[in-house]
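To keep things clear, I will list the structure first and then write my remarks on it.
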Amino acid sequence: MDPLVNNMVDNVVELTLENFQQVVLQQSKERLVVVDFWAEWCEPCKNITPILRKLAAENPDTVLLATVDCEKQQEIAGQFGVKSLPTVILVKDGQPVDGFAGEQTEAPIREMFAKHLPSPEADLLEQGAALIAQGDYTAAFTPVKQAYELNPDNIDAKLMMIDCYIEQGYIPQAKELLATIGLIDQDGRYVSLQGKIELAEQAAESPEIKALQEKLAASPEDMELKVQLSVQLHQANQHDEALALLYSVLKKDLNFGDAKKLFLDMVNALPDGDSLKSEYRRKMYSLLY
């Protein structure tokens, strides 16, 4: 450890002129530095500091709490323009980005921290975005869904979830989620997703699918037609309809043609975390055993 911060315990350090550059300028490039200005005579400070220590302990890798005893470090307090106690200043990349003066309860302090810390879903979204960039929406579905469930209000998570829904063929779910996006967030990505939904709906009404649907309507018990239609539906990303058709075939004849293999291939191709995957695995298990 750098000798200038050798008085640091976990992620709490006493800020002095000697370690000022290391802590405020260098450490703040790696994590959020929370500077807590206090004095022994300041009673409200004794309520603020434990809250800051608690929040710092909850974020050991992303927060460094730097305490400043203003009786001993008047020059540091002057550099930050501190006029009253308690004062708390948040520093990122060497610059103050937020803070407050006076006593605060835990809730607003926690909210202030959250604005400047990586969100719990950030890593999942980064992973999902990388997979989407590679065109692997099946693999992206799982981390994106996890991120969206962690924070449904995160607009990036919501838009990526819609994109994954479209690519996986869940057009009704995509349309329902798209409808929840407010005007302020209806940017170019929103317009692009609208276009993708329209194209997906057109693909779902391909001449091949419509022709097979008409034939099946005329011969509703024709299991070969059901298999053929399920393949076309699967190719159009209408997985639920495709699996439902194949399952209806397998319920009547578990060994009909390639139906079982096609069914298992379709189920296995679904992304982990997709409720459809677990649903149809259970249904196949009930047929086998």
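Think of each Lys and Arg Cβ as +1 and each Asp and Glu Cβ as -1; about the Cα centre, that makes the dipole of the stretch 142-274 roughly 240 debye.
Values of log10 I(q)/I(0) for the chain across q = 0.08 Å⁻¹ run -0.56, by the Debye formula with one identical scatterer at each alpha carbon and no solvent.
Between the C-alpha center of the stretch 104-146 and that of the stretch 154-192 there is a gap of 16 Å.
Each helix, a run of at least 4 DSSP H residues, gives -39500 (n - 2.57); summed and divided by the residues of the chain, these come to -17000 deg cm²/dmol at 222 nm. Rounded to two decimals, the Cα-based Rg/Rh of the stretch 3-116, with Kirkwood Rh, is 0.92.
Counting only lysines at least 8 places from Lys83 when in the same chain, those with an alpha carbon closer than 27 Å to its own are Lys29, Lys46, Lys54, Lys72, Lys92, Lys115. Since only Leu288, Leu15, Gly102 are under comparison, the one whose Cα sits farthest along the positive direction of the charge dipole of the chain, derived from C-beta charges on Lys, Arg, Asp and Glu, is Leu288. Per-residue 3J(HN,Hα) values for the stretch 193-206, derived from phi via the Karplus relation 6.51 cos²θ - 1.76 cosθ + 1.60 with θ = phi - 60°, read 5, 4, x, 5, 5, 4, 5, 5, 5, 5, 5, 5, 10, 5 Hz in sequence order (x marks Gly and Pro). Taking the chain as a Gaussian network of alpha-carbon nodes connected by springs under 10 Å, the highest mean-square fluctuation of the residues Glu106, Glu40, Glu149 belongs to Glu40.
Farthest towards the positive end of the charge dipole of the chain, among the residues Ala130, Leu245, Ser119, is the Cα of Leu245, using unit charges on the Cβ of Lys, Arg, Asp and Glu.
Of the three principal axes defined by the Cα atoms of the stretch 180-221, the extents in descending order read 50, 18, 9 Å. Which distance in Å, rounded to a whole number, links the C-alpha centroids of the stretch 52-99 and the stretch 202-273? That distance is 62 Å.
Per residue, the average separation of C-alpha pairs within less than 8 Å and at least 6 apart gives the stretch 3-116 a relative contact order of 32 percent.
Given a cut-off of under 8 Å on Cα pairs at least six residues apart, what relative contact order in percent is computed for the chain?
Working: 349 pairs, mean separation 33.9, N = 289.
Relative contact order here is 12 percent.
Considering only alpha-carbon pairs that sit under 8 angstrom and 6 or more positions apart, the relative contact order computed for the stretch 207-288 is 20 percent.
Inter-label distance, Asn255 to Ala269: 2.6 nm, where each label sits 7 Å from its Cα along the C-beta direction.
Mind checking the alpha-carbon convex hull of the stretch 122-203 and giving the volume per residue in Å³?
Working: hull volume 6.9 nm³, N = 82.
With only Cα atoms used, the stretch 122-203 gives 85 Å³ per residue.
Using the Karplus relation 6.51 cos²θ - 1.76 cosθ + 1.60 with θ = phi - 60°, the per-residue 3J(HN,Hα) values for the stretch 127-138 come to 5, x, 5, 5, 5, 5, 4, 8, x, 9, 6, 5 Hz, with x marking Gly and Pro.
Ranking Pro143, Tyr165, Ala217 by how far each Cα lies toward the positive end of the dipole of the chain (charges on Cβ) leaves Ala217 at the top.
Which value, in debye to the nearest 20, gives the size of the charge dipole of the chain about its Cα centre, when Lys and Arg are +1 and Asp and Glu are -1 at the Cβ? Before the final figure, lay out each step's value.
Numbers: 26 positive and 46 negative charges, 145 e Å.
Taking the Cα centre of the chain as origin, the dipole is about 700 debye.
Read the figures in this text as sums done on the coordinates, not as results from a lab. Note that the coordinates shown come from a computational prediction; the quantities given were computed from them, not determined experimentally. Every residue, glycine among them, receives a Cβ derived from its backbone with ideal geometry; neighbour counts consider all protein chains shown.
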